[in-house]
Amino acid sequence: DGFSDLPSSATTVAGGTGKKRGKPIEARLHLAVHQKNDKNKGKLTGRVFYLINPVYDENEAYQRLMYKMFNQNPRYFKDLGLWAVRAPSKQLAQKMHAAVLAAPGLRETAKRLNPELDVSPMNNPAVKPL
């Protein structure tokens, strides 16, 4: 029938635990855009967010880490499918990323997360420094 030759959509994590792999685990910076105001809708706000999708079982640990270290409660951006915290500078964004990579409660996320954070979105002229 040919269907048996197709790859399975339920790929497993290394080690054969049977868990679905899901989306890739990544972190990136995102330039925010106005959502509601008709005059500015779609235009850059000047704010930058650190976005990440931790391993599902580590979402709570990520939220606790961001609150403890950066006094921010991460918001879930449903349209992007990612957790977000405001990143007001390159240095703070890199510090957030390093904290995630080093956090004991985020070991599975850290294993699969991009080791370097691209901070080039901070170079956009629309970004408002604090």
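Computed quantities for the displayed model
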item: Heavy-atom SASA rank of Ser120, Ser89 (probe 1.4 Å, accessible area, largest first); result: Ser120, Ser89
item: Ranked order, Asp38, Asp118 - accessible area, probe 1.4 Å, largest first; result: Asp38, Asp118
item: Contour excess over end-to-end distance, with Cα ends at Gln35 and Arg47 and 0.36 nm allotted per residue; result: 3.0 nm
item: Separation in nanometres of the label points that stand 7 Å from Cα toward Cβ, at Glu116 and Lys78; result: 3.7 nm
item: Separation in nanometres of the label points that stand 7 Å from Cα toward Cβ, at Arg64 and Lys23; result: 2.3 nm
item: Surface accessible to a 1.4 Å probe, Leu29 within the full protein complex, Å²; result: 10 Å²
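The values are calculated or read from the model by the stated rules, or taken from the named source; none is laboratory data. Since we're looking at a predicted model, the values are computed, not measured. Note that each Cβ is placed from the backbone with ideal geometry, even for glycine, and that neighbours are counted across all protein chains shown. Accessible surface areas use protein heavy atoms only, side chains included; no ligands, DNA or RNA. Shrake-Rupley method; radii C 1.70, N 1.55, O 1.52, S 1.80 Å.
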